[in-house]
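One structure is given below, represented as structure tokens, and several questions about it will come after.
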Amino acid sequence: MTIPDRTGADTTEVHEAWLPPEAFRAIGSRRVLVRGEGPLVETVREEVAGACARYGGAHGGDQHAHAGPYDLVLALTTAEPLPGVAAEVLAELRRLPDPTIGEQGFALARRDGVTVALADDPAGLLYGLFQVVRLGEAAFRAGRPVERHRPAMLRRMLDHWDNVDVHPVMGQVERGYAGGSIFWRDGAARGDLARVRAYARLLAACGVNAVAVNNVNVHATEAHLLTDRLGDVAAIADELRPYGIRVHLSVNFAAPVVLGGLPTADPLDEGVRAWWAAATAKVYATIPDFGGYVVKADSEGQPGPFAYGRSHADGANALAGALAPYGGVVHWRAFVYDHRQDWRDRSTDRARAAHDHFAPLDGRFGDNVILQVKHGPMDFQVREPVSPVIAAMPATRLAAELQVTQEYTGQQRHVCYLAPMWREVLGFRPWGPDGPAVADVVGGGGGLVGVSNAGDDPYWTGHPLAQANLYAFGRLAWAPGLDPAAILDEWIDLTFAPTATGEAEPLRRTLHAMMDDSWRTYERYTAPLGVGFMVRPGHHYGPDVDGYEYTPWGTYHFADRDGVGVDRTRATGTGFTGQYPPPWAEVYESLDRCPDELLLFFHHVPYGHVLHSGLTVVQHIYDSHFAGVEQVERLRRRWADAADAVPPALHARVAGLLDEQLRCALEWRDQINAYFFRKSGVPDARGRRIP
Ligand code: GCW
């Protein structure tokens, strides 16, 4: 597609990502019936009509109905017979004892030459359509037994840290590495929102159904989106709605003061509650399917209930009360910690903060409050344990927050496929092997939230291969048990296979070789063994081992001449390990049982400490940094194999970024290795050069 570029004067070719027209070839060359009513069914109908017009198929179900027979039937549950679909197939699609397909779900089968997707609600039909797109020709080949697809999480949400105005330090998109915002430009909603519609379509195709359109750090202009600039939000909502995506808004907790002119934002004040109720009533009068508010309160300088001596439950419940009559929710973020701590004070541990603040409040949040918890206790580092908050609040609806934007994982200049990390997080069992997994906890509560990595870059994500992270986020929110490599196959097949010149298989092999292990590769050449935060302060790109060591942010590694790591044990450290239930409270406490990859997160150890791998800590640091760079060299060479399989401009963009990744990885390797060599005085056992 082409869209106006940032100046509005010219047009830019926008990459089709995982929905090139060719992905619809299998559907578009067939006879298709779409049966049902409602706006999302219309979207399905338009998609099918567009595909059929392009590829010579025929479609029915409206006044221009093709009379059948059909190869594909996409239908909302109906008492009427479906043409060409045997009664027993229909019966099987809604097999007893559970005849419901379920909210947003669909059932899919192929028998007697007809592929059928049946859904109880229009959203389910939309997701059924995109499943058929994913299957391509395979949806029409052999018979298919009935499959039921239901999302593991009913809300699958992306947060945009987009500013309406360009922020003097953070730019237009905070931690954005893909150009400007697709929603906002020059202090207002973009005039042409075609790009938003295209984004919505991509998101629906991977299962996302909620988007927060502005930064959780709500600056002056952005605060007004709630009131006098609500029309801008409504315009965006209009573009997202046809693809089943609801709009959410980040709001400023002090809005009653800064927008309403009240003397207080105390959540227990009657006038404040009335203000929120009135503001929210206007929001719903303008956007009837509005999703709700996102709030970052008492965090990194944002206002919150502490100023009034109130708790986070008081604060969240005040906003929840205003949203409840309309079915809206508050996403209240648990990212609350002291960012003005004294580095000399060894008793304050940032990792403890969310649990210390929120676990005592379990059971005190309203039904429509979702506590949004970052997946780790710190802040989206390449390796962290799972946040103990997830296991500590059984009476609260919890959502896990992932960072799709690669703030700490290479800023979309490095290849870093994050699905393997997310899969580990979602599959982690906080109560041990017999208990529920993180995905079960958030699936039964608030769902999954990701910080989006998309912007107005022609490839959407800066690094073209970072598109896979956006796609994988949606797919894992739908089905957390999916194999990251299988998700990558889906993404490759949709994105490249239909347009690939020649065979798709070699490209698939190349991309797997480059991406499957890329998160671990990134971990190898950056911060070792779970220690984290050895990045340049501020922009967080590239190495700076002591950059945060003497700052107020609470992000330390405590390296000295004898050893490194943070003692978070109960026995001698900050006691953070005690925030986990057994068995992890014991596993993490124990120097012997703690997994190698998290050792320095939980323990301060001498450089000569021997890991389970048999290496000493310092030798592990050297080895992993040399290995990480070698892997980057390999993947850079590997990309040459793809030269004939992807468009030349895309190939060139990735090639340029791989040069930068290698440069940066070398810098990481040499700084980290030199630092630890100088501190410890221990030479590399393999005699390699350390500068
Ligand atoms: O990771 C940190 C980022 C901030 C961000 C904050 C948050 C939006 O460095 O830029 O602010 O997290 O999650 O609120």
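Among the numbered criteria (1) among the hydroxyl-bearing types (Ser, Thr, Tyr); (2) within 16 Å of the ligand (Cβ to nearest atom); (3) surrounded by fewer than 24 Cβ atoms within 10 Å (Cβ to Cβ), which one does Thr227 miss?
Only one criterion in (1) among the hydroxyl-bearing types (Ser, Thr, Tyr); (2) within 16 Å of the ligand (Cβ to nearest atom); (3) surrounded by fewer than 24 Cβ atoms within 10 Å (Cβ to Cβ) is unmet by Thr227, namely (2).
Applying the selection to the range 400-445, what residues are away from the ligand (no atom under 16 Å from the Cβ), aliphatic (A, V, I, L, M), in contact with a Gly (Cβ under 8 Å, 6 or more places away or on another chain) and part of a loop (DSSP other than H, G, I, E, B)?
Ala437
Ok, one more. What single numbered condition from (1) surrounded by fewer than 22 Cβ atoms within 10 Å (Cβ to Cβ); (2) modelled with pLDDT of 95 or more fails to hold for Ala51?
Of (1) surrounded by fewer than 22 Cβ atoms within 10 Å (Cβ to Cβ); (2) modelled with pLDDT of 95 or more, only one is false for Ala51: (1).
A follow-up question, please. Just to be sure I understand, how many residues within the range 385-399 are of a type outside the set (A, V, I, L, M) and either within 16 Å of the ligand (Cβ to nearest atom) or in a helix (DSSP H, G or I) (or both)? Show your work before the answer.
The first filter runs over the range 385-399 and keeps only residues of a type outside the set (A, V, I, L, M), leaving 385, 387-388, 394, 396-397.
Remaining after also requiring either within 16 Å of the ligand (Cβ to nearest atom) or in a helix (DSSP H, G or I) (or both): 387-388.
Residues flagged as of a type outside the set (A, V, I, L, M) and either within 16 Å of the ligand (Cβ to nearest atom) or in a helix (DSSP H, G or I) (or both) within the range 385-399 amount to 2.
What pairs come up if the first residue lies in the range 358-376 and is within 16 Å of Gly291 (Cα to Cα), the second is among the hydroxyl-bearing types (Ser, Thr, Tyr), and their beta carbons are under 7 Å apart, counting only those six or more places apart or on different chains?
From residues that are within 16 Å of Gly291 (Cα to Cα), the pairs are Leu371/Thr396.
Considering each of Leu448, Leu494 in turn, give the residue that is surrounded by 22 or more Cβ atoms within 10 Å (Cβ to Cβ) and in a strand (DSSP E or B). Let's see the steps before the verdict.
On the way: Leu494 fails: in a strand (DSSP E or B).
Step by step, each of Leu448, Leu494 is checked, and only Leu448 is surrounded by 22 or more Cβ atoms within 10 Å (Cβ to Cβ) and in a strand (DSSP E or B).
I'm trying to understand the selection: among the residues of the range 269-297, which are without any contact (Cβ under 8 Å) to a residue 40 or more places away in the chain and either in contact with a strand residue (DSSP E or B) (Cβ under 7 Å, 6 or more places away or on another chain) or assigned to a loop (DSSP other than H, G, I, E, B) (or both)?
Asp269, Pro288 - these are the residues of the range 269-297 that are without any contact (Cβ under 8 Å) to a residue 40 or more places away in the chain and either in contact with a strand residue (DSSP E or B) (Cβ under 7 Å, 6 or more places away or on another chain) or assigned to a loop (DSSP other than H, G, I, E, B) (or both).
Which residue out of Pro458, Pro506 is part of a loop (DSSP other than H, G, I, E, B) and not small (Gly, Ala, Ser)? Please lay out each step first, then the result.
Working: Pro506 fails: part of a loop (DSSP other than H, G, I, E, B).
Just one listed residue meets the conditions, Pro458.
Moving on to the next point. Looking at Val164, Val233, which one is β-branched (Val, Ile, Thr) and within 16 Å of the ligand (Cβ to nearest atom)?
Numbers: Val233 fails: within 16 Å of the ligand (Cβ to nearest atom).
Sole residue among the options that is β-branched (Val, Ile, Thr) and within 16 Å of the ligand (Cβ to nearest atom): Val164.
Quick one: count up the residues across the range 285-301 that are more than 16 Å from the ligand (Cβ to nearest atom) and surrounded by fewer than 17 Cβ atoms within 10 Å (Cβ to Cβ). Write out each step before concluding.
Within the range 285-301, the subset more than 16 Å from the ligand (Cβ to nearest atom) is 285-292.
If we keep only those that are surrounded by fewer than 17 Cβ atoms within 10 Å (Cβ to Cβ) too, we end up with 285-286, 288-289.
Looking only at that region, the number is 4.
Tally time: how many residues in the range 497-542 are surrounded by fewer than 21 Cβ atoms within 10 Å (Cβ to Cβ) and of a type outside the set (Gly, Ala, Ser)?
18
Name the helices (runs of 4 or more DSSP H) wholly inside the range 539-655 in which the number of residues that are under 31 Å from the mean Cα position of the chain (by Cα) and either in contact (Cβ under 8 Å) with a residue 60 or more places away in the chain or in the same structural domain as Pro436 (by TED's automatic domain parsing) (or both) is 3 or more.
Working: elements: 584-589, 599-602, 617-639.
Counting at least 3 such residues, we get 599-602, 617-639.
Listed here are the residues, each with its yes/no results for (1) within 26 Å of Asn368 (Cβ to Cβ); (2) within 15 Å of the chain's Cα centre (by Cα).
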| residue | (1), (2) |
| --- | --- |
| Leu402 | yes, yes |
| Gln406 | no, yes |
| Gln412 | no, yes |
| Ala419 | no, yes |
| Gly435 | no, no |
| Asp440 | yes, no |
| Val449 | yes, yes |
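So, in the range 364-383, exactly how many residues are part of a loop (DSSP other than H, G, I, E, B), within 16 Å of the ligand (Cβ to nearest atom) and either surrounded by fewer than 21 Cβ atoms within 10 Å (Cβ to Cβ) or not charged (D, E, K, R) (or both)? Please lay out each step first, then the result.
So in the range 364-383, the residues part of a loop (DSSP other than H, G, I, E, B) come out as 364-368, 375-383.
Keeping just the survivors that are within 16 Å of the ligand (Cβ to nearest atom) gives 375-383.
Filter once more, keeping what is either surrounded by fewer than 21 Cβ atoms within 10 Å (Cβ to Cβ) or not charged (D, E, K, R) (or both): 375-382.
Residues flagged as part of a loop (DSSP other than H, G, I, E, B), within 16 Å of the ligand (Cβ to nearest atom) and either surrounded by fewer than 21 Cβ atoms within 10 Å (Cβ to Cβ) or not charged (D, E, K, R) (or both) within the range 364-383 amount to 8.
Here are some conditions: (1) part of a strand (DSSP E or B); (2) buried (at least 22 other Cβ atoms within 10 Å of the Cβ); (3) within 16 Å of the ligand (Cβ to nearest atom). Val247 meets all but one. Which one does it not meet?
The single condition Val247 does not satisfy is (3).
So, one more: Just for the range 83-98: of the residues that are closer than 15 Å to Asp120 by Cα and in contact (Cβ under 8 Å) with a residue 40 or more places away in the chain, which one is surrounded by the fewest Cβ atoms within 10 Å (Cβ to Cβ)?
Ranking the qualifying residues of the range 83-98, first place goes to Arg95.
If I ask for residues that are assigned to a helix (DSSP H, G or I) and touching a strand residue (DSSP E or B) at 6+ places or on another chain (Cβ under 8 Å), which ones from the range 201-219 would you list?
Leu203
Name, by its number, the condition in (1) surrounded by fewer than 22 Cβ atoms within 10 Å (Cβ to Cβ); (2) within 30 Å of Asp434 (Cα to Cα) that does not hold for Arg568.
(1)
Could I ask something else about it? If you take the residues in the range 258-278 that are of a type outside the set (D, E, K, R) and buried (at least 20 other Cβ atoms within 10 Å of the Cβ), which one is nearest to Ala234 (Cα to Cα)?
At the first step, the residues of the range 258-278 found to be of a type outside the set (D, E, K, R) are 258-265, 267-268, 271-272, 274-278.
Those still in the list that are buried (at least 20 other Cβ atoms within 10 Å of the Cβ) too: 265, 267, 272, 275-276.
Working: Ala265: 26, Pro267: 27, Val272: 24, Trp275: 20, Trp276: 19 Å.
Among them, the one singled out is Trp276.
Here are some conditions: (1) away from the ligand (no atom under 16 Å from the Cβ); (2) in a loop (DSSP other than H, G, I, E, B). Asn252 meets all but one. Which one does it not meet?
Only one criterion is unmet by Asn252, namely (1).
Quick check: anything in the range 353-363 within 16 Å of the ligand (Cβ to nearest atom), under 24 Å from the mean Cα position of the chain (by Cα), of a type outside the set (Val, Ile, Thr) and surrounded by fewer than 21 Cβ atoms within 10 Å (Cβ to Cβ)?
Residues of the range 353-363 within 16 Å of the ligand (Cβ to nearest atom): 353-354, 357-358.
Restricting the remaining residues to those that are under 24 Å from the mean Cα position of the chain (by Cα) gives 353-354, 358.
With the extra rule that they be of a type outside the set (Val, Ile, Thr), the set shrinks to 353-354, 358.
Right, trim to surrounded by fewer than 21 Cβ atoms within 10 Å (Cβ to Cβ) and you get none.
For the range 353-363, residues within 16 Å of the ligand (Cβ to nearest atom), under 24 Å from the mean Cα position of the chain (by Cα), of a type outside the set (Val, Ile, Thr) and surrounded by fewer than 21 Cβ atoms within 10 Å (Cβ to Cβ): absent.
Evaluate the following for Ala212: is it among the small types (Gly, Ala, Ser), under 24 Å from the mean Cα position of the chain (by Cα) and modelled with pLDDT of 95 or more? Before you say what the answer is, go through the steps one by one.
Values: among the small types (Gly, Ala, Ser): yes; under 24 Å from the mean Cα position of the chain (by Cα): yes; modelled with pLDDT of 95 or more: yes.
It is true that Ala212 is among the small types (Gly, Ala, Ser), under 24 Å from the mean Cα position of the chain (by Cα) and modelled with pLDDT of 95 or more.
Right, here's the next one. Here is a check on your reading of the model: is Ala138 part of a helix (DSSP H, G or I), surrounded by fewer than 21 Cβ atoms within 10 Å (Cβ to Cβ), within 16 Å of the ligand (Cβ to nearest atom) and of a type outside the set (Phe, Trp, Tyr)?
no
On to the next question. Only one of these is buried (at least 20 other Cβ atoms within 10 Å of the Cβ) and either touching a Pro at 6+ places or on another chain (Cβ under 9 Å) or on the phi > 0 side of the Ramachandran plot (or both): Gly443, Gly474, Gly435. Name it. Outline the logic, then answer.
Numbers: Gly474 fails: either touching a Pro at 6+ places or on another chain (Cβ under 9 Å) or on the phi > 0 side of the Ramachandran plot (or both); Gly435 fails: buried (at least 20 other Cβ atoms within 10 Å of the Cβ).
Residue meeting the stated conditions: Gly443.
Among the residues in the range 326-340, are any over 26 Å from the mean Cα position of the chain (by Cα), farther than 22 Å from Leu158 by Cα, of a type outside the set (Val, Ile, Thr) and within 16 Å of the ligand (Cβ to nearest atom)? So that I can check it myself, show each step before the final result.
Residues of the range 326-340 over 26 Å from the mean Cα position of the chain (by Cα): 326, 340.
Pick out the ones that are also farther than 22 Å from Leu158 by Cα and you get 340.
Remaining after also requiring of a type outside the set (Val, Ile, Thr): 340.
Next, from what is left, pick out any that are within 16 Å of the ligand (Cβ to nearest atom): 340.
Yes, because at least one residue in the range 326-340 is over 26 Å from the mean Cα position of the chain (by Cα), farther than 22 Å from Leu158 by Cα, of a type outside the set (Val, Ile, Thr) and within 16 Å of the ligand (Cβ to nearest atom).
Examine the range 198-206 for a residue that is among the charged types (D, E, K, R), touching a residue at least 12 places away in the same chain (Cβ under 8 Å) and outside the structural domain of Gly113 (by TED's automatic domain parsing), and state whether such a residue exists. Can you show your working first?
Kept after step one, since they are among the charged types (D, E, K, R), are these residues of the range 198-206: 201.
Adding the requirement that they be touching a residue at least 12 places away in the same chain (Cβ under 8 Å) leaves 201.
Now restrict to residues that are outside the structural domain of Gly113 (by TED's automatic domain parsing): 201.
The answer is yes, given that some residue of the range 198-206 is among the charged types (D, E, K, R), touching a residue at least 12 places away in the same chain (Cβ under 8 Å) and outside the structural domain of Gly113 (by TED's automatic domain parsing).
The values are calculated or read from the model by the stated rules, or taken from the named source; none is laboratory data. In this text the structure is predicted, and so the values were computed from the model without any measurement. Neighbour counts run over all protein chains shown; Cβ positions are idealised from the backbone, glycine included.
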